[in-house]
Every structure is written in C-alpha cells, then in structure tokens.
Amino acid sequence: MEKDIRKRTFQFAIKVLRYVDSIEKKGIHWSLYDQLLRSGTSIGANVHEAQGGSSRKDFIRFYEIALKSCNETIYWLSLLSEGLAECTDELMKLRKDSIEIGNMLGAAILSLKGIRSTPR
C-alpha cells in the first residue's frame, strides 16, 4: 500500500504539471492554475516526506497534510470545471484520480490510527 500511494501521488503530480503547462493561462485563470499546481504537487511531497518522519505520529501527520492537499486539489479542479466551465476530459480524469488518492490516504490514516473504516 505504502509503495503504491507513493507511486500514485508522484504520477498524479506529473499529470498536474503537464496539464497546467499545457493550458493557456490568462487573467484570473493563472492564479487558479497556480493553486492547483501547488496543492496537486504537495500531495506526493507530503507522502514522500512521511518516510522521513521520526515517529508513527509524525508519519500520520504527513499523511493528514497530504489528505488536506488532496481535498484542496479537488476543490480547485471542481472550481475550474464548474466555475469557469473548463470541463475537459483531462480535467475530469484529474479530479477522479484525486478523489481516489484521497480515499487511499483516508483509509491509510484510519488504518494507521487503528480505526476501522466502514464502507460507504
């Protein structure tokens, strides 16, 4: 699981980088894409940083920060697709990926805390 989430978040960051790089950014769009870039790449950075944690509590905290970044990423993707009507297949795929990563992080956090998650 741990190796999968590291690989998955790294690949997601690359997708976000490529997506933002491919978009013509003008006016208000630039600040939204900048926020997406920051939060989308922060997820994997925090998952990788967890590896250097000095304790289990530290490890969990980095996963929690990664989950918060993931939730922020979902917000920016939703805002771009719904608020600016820039709904593209690539944008929807990024949103789907970020939701899946968020679910993985949430499950990992619950497991690390010894809390059983119930299916939704």
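The values are calculated or read from the model by the stated rules, or taken from the named source; none is laboratory data. Fair warning: this is a prediction, and the values are worked out from it, not measured in the lab. No Cβ is skipped: glycine too gets one built from the backbone with ideal geometry, and neighbour counts run over all protein chains shown.
The figures follow:
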quantity: Qualifying residue in the range 31-39 (condition: over 18 Å from residue 5 (Cβ atoms), touching a Ser or Thr at 6+ places or on another chain (Cβ under 7 Å), part of a helix (DSSP H, G or I) and modelled with pLDDT of 95 or more); calculated: yes
quantity: Looking only at the range 86-120, and only at residues there that are over 14 Å from residue 70 (Cα atoms) and among the basic types (Lys, Arg), the one that is modelled with the lowest pLDDT; calculated: 120
quantity: Residue in the range 60-76 that is under 16 Å from residue 35 (Cα atoms), assigned to a helix (DSSP H, G or I) and of a type in the set (Asp, Glu) present; calculated: yes
